[in-house]
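Right, one structure below, let's go through it.
Please treat every number below as a calculation from the coordinates, not as lab data. Here the structure is a predicted model, which means the values were calculated and not measured. Glycine gets a Cβ as well: all are built from the backbone with ideal geometry, and neighbour counts include every protein chain shown.
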Amino acid sequence: MTIQIDIDDTITWAPAFFAWLSRALKRDGHRVRIVTARGRHLGEPEATAAELRKFGLVWDDLVLSEPVPEIDLADLPEDFPEGLIHLWPKCRATMAEPPDLVFDDSLEVNALLARYLPRVKILRPMNTWVSAPEGSFGNMAGRGWSK
Ligand SMILES: [Mg+2]
């Protein structure tokens, strides 16, 4: 399998888990790609790799995105949302080597990958509290749920 993992609010959300996962995957012969919207600014690739090593991750491929003014739009799908151009490098890298499974916290990335790579399975860490509609927890009464 090829497993693709995002960095910010994914690896950084649970670094010990992703360190273990990346090592287990590599040990068992799978491919680990880390694909991020972080830019390829001067020093950023080295700093990002150092951060991942500090977390204990291992990987086959680390792909950073080019800064927005430098994004190559040659292969941009006609229906790609204009407001999400900054995510095109990440999508393009994913489409170039479609993974079996993606971990990515971004709803926008999830939606874009679902559009362009509908067969790829996506797991999304829940980094922020999602508020439930008023009173929805009241239905939990009597089911063993308590505050
Ligand atoms: Mg992220």
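Tabulated values for the structure
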read-out	value
Charge dipole magnitude, Cβ of K and R +1, D and E -1 - the chain, Cα centre, debye nearest 20	880 debye
MRE, 222 nm, helices only [DSSP H, n ≥ 4, -39500 (n - 2.57), over the chain, to nearest 500]	-9000 deg cm²/dmol
In Hz, Karplus ³J(HN,Hα) per residue of the range 92-108 (6.51, -1.76, 1.60; θ = phi - 60°; x = Gly, Pro)	4, 5, 5, 5, 5, 9, x, x, 7, 8, 10, 9, 7, 6, 6, 4, 5
For the range 63-77, Karplus couplings with θ = phi - 60° (6.51, -1.76, 1.60), whole Hz, Gly/Pro x	10, 9, 9, 6, x, 3, x, 9, 5, 7, 9, 4, 9, 4, x
Top of Pro89, Pro118, Pro99 by mean-square fluctuation, Gaussian network on the chain, Cα under 10 Å	Pro118
P(r), alpha carbons of the range 2-140 - 10 Å bins starting at zero, rounded %	11, 39, 33, 13, 5, 0
Net charge of neighbours whose Cβ lies under 15 Å from the Cβ of His30, counting Lys and Arg as +1 and Asp and Glu as -1	+1
Fluctuation leader among Asp79, Asp105, Asp60 - the chain, Gaussian network, Cα springs under 10 angstrom	Asp79
